[in-house]
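Enquirer: One structure, as structure tokens, below. Some questions next.
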């Protein structure tokens, strides 16, 4: 029996292998003591992994060489270094886990980001739709307000034009003595305004233009009428003044109580200086045509190569002619130049009677006047006339 006691322990097992065998190649009988170290080196390089707990302790005996103990110590020294392929597996496995976790985490993060983006886009679309609806509603409301405003403005302009038409029409009717061209211009403006007011498609500008077009013609007609009224007032004043200082009458004509009686003329309230027109007087005097008497005077002037005069009916001279017919005589009213009466209603005979009187003929031949104001009346078949030249 050897003097040293060796207590063996189980060798570490390697997955998929049995216990390690230390049999040298080519030596079926065993391994000599001298080759033990080389065998151990081979075993250490190729042997399976061993755990730190697998140890073999050698208890040396007396008389055993020191080298043998050292060899036994080397043989049974525990192998503590972990295998390289297991470290690689752990590293690969850890990397795989990290990659898997990173992939899963990245996928979740990407999915969450996409979901948040979808929600944000949906909210943005909702806000855009709300703003668009508000803008559409505002635009529609604004359009309705604009249409209503335009309708009110057009209705107002149409009403203003209608009122202006009424005023212009009344002015045309009240300016009968205005110049003819002024009245014609006003009538054209009225016709244009009426057409525009009746046009349902007329613009605000057209309505305003038509209303403005009435102003100037209306003023011109009113100014013409005012000028005529001023001239008429001056004429009446001149008649009153002339009545006091001039007495020019037609050739004397008298009436008698009967043929051949030689009776004195019968006076019927004729003013002093007046003349009696025989067979006239009493009721039944009527107004005669002033324009006919004026045309007869112009015909006489034309025969002398003189220009025609304007003819205007005079209300005051017409009243004077009626008064003379009722009283049966003639006299100056103070507002005339010539008066006369003839025993016929033909105006040319009265003009001929005036032409045979130098003072009357001189008045009918005047070239410093442009208008004659005429009044005429008939009574009992006689024509009474009074004329003022201006």
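Enquirer: What residue, of 315, 329, 294, is under 20 Å from residue 278 (Cβ atoms) and touching a strand residue (DSSP E or B) at 6+ places or on another chain (Cβ under 8 Å)?
Expert: Only one candidate passes the filter, namely 329.
Enquirer: For residue 206, which of the numbered conditions (1) touching a residue at least 24 places away in the same chain (Cβ under 8 Å); (2) closer than 29 Å to residue 153 by Cβ; (3) surrounded by 14 or more Cβ atoms within 10 Å (Cβ to Cβ) fails to hold?
Expert: All conditions pass for residue 206, except number (1).
Enquirer: Of the residues 281, 258, 325, which is at pLDDT 90 or above and closer than 19 Å to residue 381 by Cα?
Expert: None of the other options fit; the residue is 325.
Enquirer: Residues in the range 272-298 that are part of a loop (DSSP other than H, G, I, E, B), in contact (Cβ under 8 Å) with a residue 12 or more places away in the chain and loosely packed, with under 14 Cβ neighbours inside 10 Å: how many?
Expert: 4
Enquirer: Also, quick follow-up: Starting from residues that are in a loop (DSSP other than H, G, I, E, B) and over 59 Å from the mean Cα position of the chain (by Cα), keep the ones in the range 299-315 and report whichever is nearest to residue 387 (Cα to Cα).
Expert: The qualifying residue nearest to residue 387 (Cα to Cα) is 306.
Enquirer: Just for the range 335-368: of the residues that are over 21 Å from residue 310 (Cα atoms) and in contact with a helix residue (DSSP H, G or I) (Cβ under 9 Å, 6 or more places away or on another chain), which one is surrounded by the fewest Cβ atoms within 10 Å (Cβ to Cβ)?
Expert: The qualifying residue surrounded by the fewest Cβ atoms within 10 Å (Cβ to Cβ) is 344.
The values are calculated or read from the model by the stated rules, or taken from the named source; none is laboratory data. Owing to the predicted nature of the structure, the values given are computational and were not obtained by experimental measurement. Counting neighbours? That spans all protein chains shown, and the Cβs are built from the backbone with ideal geometry, glycine included.
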